[in-house]
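The values are calculated or read from the model by the stated rules, or taken from the named source; none is laboratory data. Predicted model only: the values in this text are computed from it and were never measured. A quick note on method: Cβ atoms are made from the backbone with ideal geometry, for glycine too, and the neighbour counts reach across all protein chains shown.
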C-alpha cells in the first residue's frame, strides 16, 4: 500500500501555530506545517470541492465538501478563508475619470468609499454560477472587487458601468 492510500484512511485535526499559520496534524502525530485551505470553485460552488495544500502547493487532503470538516477545524478554516478570500463588494459607482482606459473609478464598497484604476475593459469579467448578473473587476494593483448583482446597483452606477461593458 502506498503512502497516498494510507493517508486516505488517516484522520487529522487542524491547529494554529505560534505565528497563526494553519498546521495539519495526522492522527499518528505527523505534522504538515503551514497548510492553506483552497476552494475548487470559490464563486460557482464554494461549499463543494475543497482541499488543504502544503507550503509548496501540493494537495494534502481533498474533501468533497467543506462541510465535511469537523466543527472545530471548520472554525479555523473559516478564519483563514475570510482573510484569504476577502473581496470588497461594490455597492455604488460614484464617478469615473474617463470612459477610456485606464480610468479611475470613485466607488463605494460595503467597507466604505475608495477608488480603483481600471486598466482595460478586459479586467471586468462576468461570473457564472452565483445565481445572478455578477461581475468581478480587477484594479491595477490586482485587487478584485465584486459586484454581486448589477441589477441591484442604482441607475447612475449602472449607466457608468454600461459604458465599459
Exercise. For the stretch 117-135, how many residues meet the condition of being part of a strand (DSSP E or B), out of contact with any helix residue (DSSP H, G or I) (no Cβ under 9 Å at 6 or more places or on another chain) and within 16 Å of residue 163 (Cα to Cα)?
Worked result: 4
For this session: Only one of these is modelled with pLDDT under 95, in a strand (DSSP E or B) and either more than 19 Å from the chain's Cα centre (by Cα) or closer than 30 Å to residue 12 by Cβ (or both): 95, 57, 51, 151. Name it.
Result: 51
Exercise. Can you spot a residue in the stretch 68-90 that is without any contact (Cβ under 8 Å) to a residue 40 or more places away in the chain and part of a strand (DSSP E or B)?
Worked result: no
Exercise. Residue 46 fails exactly one of the following numbered conditions: (1) under 21 Å from the mean Cα position of the chain (by Cα); (2) at pLDDT 90 or above; (3) surrounded by 14 or more Cβ atoms within 10 Å (Cβ to Cβ). What is the number of that condition?
Worked result: (2)
Exercise. In the stretch 139-148, which residue that is buried (at least 17 other Cβ atoms within 10 Å of the Cβ) and more than 13 Å from the chain's Cα centre (by Cα) is modelled with the lowest pLDDT?
Worked result: 148
